[in-house]
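> Dropping a structure here in structure tokens format, bear with me for questions.
The values are calculated or read from the model by the stated rules, or taken from the named source; none is laboratory data. Because the structure is a prediction, the values reported are computed rather than measured. Glycine gets a Cβ as well: all are built from the backbone with ideal geometry, and neighbour counts include every protein chain shown.
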Amino acid sequence: MNNLWDDEESQQFVGDAALRVYTSRLLGRDKALVLHGGGNTSVKVAEENIFGEIEEILYVKGSGWDLEKIEEAGFSPVKCDYLRQLAALPTLSDPQMVNELVTHMTRSSAPVPSVEAILHAILPYKYVDHTHADSVVTISNSVDGEARIREIYGNLVVIIPYVMPGFDLARICAKRFAEDSSSDTIGMVLLNHGIFSFGTTAKESYGRMIHLVGLAEEYLQLKRAWNVKDKPSTAPCKITISDLTGLRREISDVAGYPMILSRHVDKNCLSFTNRSDLATVARQGPATPDHVIRTKRLPMIGYNVRAYVEEYKEYFAEHAPLAKEHKSMLDPAPRVILDKALGLCSVGRTAKDADIVAELYKHTMDIIRRATALGGYHALPAKDIFDVEYWDLEQAKLKKGGKLPDFSGEIALVTGAASGIGKSCVEVLLARGAAVVGVDLNPKIELLYKRADYLGIACDLTDPAAIQKILEQVANRYGGLDMLVLNAGVFPSGCRIESLSSNDWRQVMTINLDVNQSLMKECYPLLKLAPRGGRIVVIGSKNVPAPGPGAAAYSASKAALNQLARVAALEWGDDNIRINSLHPNAVFDTSLWTEEILISRAKHYGLSVDEYKKNNVLKTEVSSRDVAELAAEMCGSLFAKTTGAQLPVDGGNDRVI
Ligand code: ZN
């Protein structure tokens, strides 16, 4: 465990609050200490209130902030004396506690304080740091965990038995701390949960955290439980696209909404899923309540979704026989799937969620490996894990954040996505919550966005092997396909039929027609398994209803594509796949139109550029964004009962009308 404190770097942080920010970020940088919003920190500061009185204020991490990226605004100022008074109450329900925290802040715009705020307040130190360090939870979740923790730390820490986070935990910590602390005490270990350190300066408190966690790491090394590797996997990998798509469909059906499923098959995951004791070690639940909330209950082993759901329902009935209010929240879908051939699959309502689940579980795999090497992994009893999973406060958070964008959990593929209408479609679909795969010949497609819900693939779709390869990538990354936007196409410069070479004709037909037919054919099995039904949007052209001279190959290819879409609407209705076409015209913010071409075309018609752009019935300009919004809408609920339709998006064209 490295101490990342840097004297020079720390100079940029002046004052108590700024230094609190600095060392919080140092903790956040080390993934063996905290992951994804886990852990929390605080500082106590004397401040003058509006009456001129000096009050002690606890600045504690606000919920929704990640330590790695926290700023001063991410800390919630709460009156410290009031928190200490609360800690003396015999009972306080969690929702009441949150109400008291929020109503005793000194800045109304601050985030909701961490539920561990009272715990920070009762510790009599200026700076308090709290993490769920892997090595500490590894040891406390192993055989004789408590004795080992005592052996490692002696008088350095006060040990707190497991209690669910919230008011009761704060109360027990206050009591134990008063009884058990000594002048040697520099921290507190919460069994099956995590560790606290404290000090009079930010540097001291942070340094003690690193020291304490370092002792746990040294202990694991000493016991030969640090560099633990599983035997490499020899299992043959026979997973197909349809296996993954089918699995995602089943899980989405169980959850009641579409889910993203991501597959991880690196050596680390495959060797773990091939352990002979997988069923025993992996079926005990996570090592800290912090992980329970994201990864939920137990992983599914193998891929029998039905058996998993049955087992989950029994578990639910056993632990919450009376908790009727929880029944509405019952979601028996797994979040982690472990299988010899499949590797690790993570499931989430968004791609980001699925990635967080995977990262948390990768840490859990290391914790399990090391705890097993120490003699055995012993996680919390099922009842405790259940209580955290269905914790009032977490449920309240879920309800609050419950309204996700329309296409959350769904996956869209857009062709010709590096520029113009295709690029706008990517933007619009991302904004509506879908995970989007952008495909283009232009390699810059791969760098269009750097986010979990975007995958850019540069490839030539006229290569027959390319499409299968793309779909394999899509199935492994997101688990399936719900929407297909056929946008890629070429518009060669004007050429009359008598001068059109068969090569040029063939090339336009290949790109505008043949590629789309192949894509539709290969995507069909995936679209058929889309939880809410598959959708295809064809970006057609005004030239379908109203062709122009000099564009024979283009007009013929788009007309043939249009007819193909209509037949697909007839054939695939039974599979709940909808296919609709858009006919844009005069969309000038695409790479086809440069300023010079615009000027020369406008001049040709004796118009100004502005008049030329708005040369339609409504005298309005049509942008890529307009077309993209309509394409997305066609995948949404407004068009749920429409298939085989063709819609112009051209500001009104007298030849089309
Ligand atoms: Zn915690």
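> Which condition breaks for residue 78 when tested against (1) at pLDDT 95 or above; (2) more than 35 Å from the chain's Cα centre (by Cα)?
So the condition that residue 78 fails would be (2).
> Just one of 91, 41 is in contact with a helix residue (DSSP H, G or I) (Cβ under 8 Å, 6 or more places away or on another chain) and surrounded by 22 or more Cβ atoms within 10 Å (Cβ to Cβ); which is it?
None of the other options fit; the residue is 41.
> Any residue in region 309-330 that is in contact with a helix residue (DSSP H, G or I) (Cβ under 9 Å, 6 or more places away or on another chain), at pLDDT 90 or above and charged (D, E, K, R)?
No, every residue in region 309-330 fails to be in contact with a helix residue (DSSP H, G or I) (Cβ under 9 Å, 6 or more places away or on another chain), at pLDDT 90 or above and charged (D, E, K, R).
> Within region 32-41, how many residues are at positive phi and either at pLDDT 90 or above or within 12 Å of the ligand (Cβ to nearest atom) (or both)?
Here the count works out to 2.
> Among the residues in region 299-317, are any small (Gly, Ala, Ser), on the phi > 0 side of the Ramachandran plot and either within 16 Å of the ligand (Cβ to nearest atom) or in contact (Cβ under 8 Å) with a residue 60 or more places away in the chain (or both)?
no
> Return yes or no: is residue 591 in contact (Cβ under 8 Å) with a residue 12 or more places away in the chain and exposed (fewer than 15 other Cβ atoms within 10 Å of the Cβ)?
yes
> Within region 265-317, how many residues are crowded, with 21+ Cβ neighbours inside 10 Å and part of a strand (DSSP E or B)?
Qualifying residue count, region 265-317: 1.
> Only one residue in 44, 61 is in contact with a Phe, Trp or Tyr (Cβ under 9 Å, 6 or more places away or on another chain), modelled with pLDDT of 95 or more, of a type outside the set (Phe, Trp, Tyr) and within 16 Å of the ligand (Cβ to nearest atom), so which one is that?
61
> Is region 349-368 home to any residue that is among the hydroxyl-bearing types (Ser, Thr, Tyr) and either touching a Phe, Trp or Tyr at 6+ places or on another chain (Cβ under 8 Å) or without any contact (Cβ under 8 Å) to a residue 12 or more places away in the chain (or both)? Working first, answer last.
Residues of region 349-368 among the hydroxyl-bearing types (Ser, Thr, Tyr): 350, 361, 364.
If we keep only those that are either touching a Phe, Trp or Tyr at 6+ places or on another chain (Cβ under 8 Å) or without any contact (Cβ under 8 Å) to a residue 12 or more places away in the chain (or both) too, we end up with none.
No; the residues of region 349-368 include none that is among the hydroxyl-bearing types (Ser, Thr, Tyr) and either touching a Phe, Trp or Tyr at 6+ places or on another chain (Cβ under 8 Å) or without any contact (Cβ under 8 Å) to a residue 12 or more places away in the chain (or both).
> Considering each residue of region 47-58, count those that are touching an Asp or Glu at 6+ places or on another chain (Cβ under 6 Å) and either within 16 Å of the ligand (Cβ to nearest atom) or within 17 Å of residue 128 (Cβ to Cβ) (or both), and give that number.
So the count comes out to 1.
> So, residue 231, is that one surrounded by fewer than 21 Cβ atoms within 10 Å (Cβ to Cβ), basic (Lys, Arg), part of a helix (DSSP H, G or I) and out of contact with any Cys (no Cβ under 9 Å at 6 or more places or on another chain) or not?
Taking the combined requirement at face value, the residue does not satisfy it.
> Then there's this: Six or more apart or on different chains, Cβ under 6 Å: which pairs go from a residue in region 98-114 that's within 20 Å of residue 49 (Cα to Cα) to one that's surrounded by 15 or more Cβ atoms within 10 Å (Cβ to Cβ) and among the aromatic types (Phe, Trp, Tyr)? Could you list them?
Here the result reads 104/82, each pair linking region 98-114 to a residue that is surrounded by 15 or more Cβ atoms within 10 Å (Cβ to Cβ) and among the aromatic types (Phe, Trp, Tyr).
For every residue, the table says whether it meets (1) in contact with a Leu (Cβ under 7 Å, 6 or more places away or on another chain); (2) buried (at least 16 other Cβ atoms within 10 Å of the Cβ).
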| position | (1), (2) |
| --- | --- |
| 107 | no, no |
| 118 | yes, yes |
| 124 | no, no |
| 132 | no, yes |
| 136 | no, yes |
| 140 | yes, yes |
| 158 | no, yes |
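> Looking at residue 250, is it out of contact with any Phe, Trp or Tyr (no Cβ under 8 Å at 6 or more places or on another chain), more than 16 Å from the ligand (Cβ to nearest atom), among the acidic types (Asp, Glu) and within 29 Å of residue 25 (Cβ to Cβ)?
On the way: out of contact with any Phe, Trp or Tyr (no Cβ under 8 Å at 6 or more places or on another chain): yes; more than 16 Å from the ligand (Cβ to nearest atom): yes; among the acidic types (Asp, Glu): yes; within 29 Å of residue 25 (Cβ to Cβ): no.
No.
> Working only within region 366-396, note down all residues that are small (Gly, Ala, Ser) and modelled with pLDDT of 80 or more.
Result: 371, 373, 375, 376, 379, 382.
> If residue 113 satisfies all but one of (1) touching a Gly at 6+ places or on another chain (Cβ under 7 Å); (2) surrounded by fewer than 20 Cβ atoms within 10 Å (Cβ to Cβ), what's the number of the condition it fails?
(2)
> Does residue 209 satisfy being among the hydrophobic types (A, V, I, L, M, F, W, C), outside any helix (DSSP H, G or I), within 16 Å of the ligand (Cβ to nearest atom) and touching a residue at least 24 places away in the same chain (Cβ under 8 Å)?
So residue 209 does not fit the description; no.
> Turning to a different aspect of this structure: Say we look at region 476-491 and pick out the residues that are touching a Leu at 6+ places or on another chain (Cβ under 9 Å) and either surrounded by fewer than 24 Cβ atoms within 10 Å (Cβ to Cβ) or aromatic (Phe, Trp, Tyr) (or both); which of these is nearest to residue 423 (Cα to Cα)? So that I can check it myself, show each step before the final result.
If we filter region 476-491 for residues that are touching a Leu at 6+ places or on another chain (Cβ under 9 Å), which is where we start, we get 476-486, 488-489, 491.
With either surrounded by fewer than 24 Cβ atoms within 10 Å (Cβ to Cβ) or aromatic (Phe, Trp, Tyr) (or both) added as a condition, the list becomes 476-478, 488-489, 491.
Values: 476: 23, 477: 20, 478: 20, 488: 11, 489: 13, 491: 17 Å.
Checking each candidate, the answer is 488.
> Give me the pairs: first residue in region 156-167 and under 16 Å from residue 288 (Cβ atoms) and in the same structural domain as residue 209 (by TED's automatic domain parsing), second residue among the small types (Gly, Ala, Ser) and away from the ligand (no atom under 11 Å from the Cβ), beta-carbon distance under 7 Å, and six or more apart or on different chains, which are they?
So the pair list comes out empty.
> Answer with yes or no whether residue 90 is within 16 Å of the ligand (Cβ to nearest atom) and either farther than 21 Å from residue 14 by Cβ or more than 31 Å from the chain's Cα centre (by Cα) (or both).
no
> Just checking, does region 528-539 include any residue being on the phi > 0 side of the Ramachandran plot and of a type outside the set (D, E, K, R)?
The answer is yes; a qualifying residue exists.
> Scan region 542-593 for residues that are polar (S, T, N, Q), more than 24 Å from residue 621 (Cβ to Cβ) and outside any helix (DSSP H, G or I) and report the count.
1
> Are any residues in region 126-182 farther than 25 Å from residue 221 by Cα, under 31 Å from the mean Cα position of the chain (by Cα) and away from the ligand (no atom under 16 Å from the Cβ), and if so, which ones?
none
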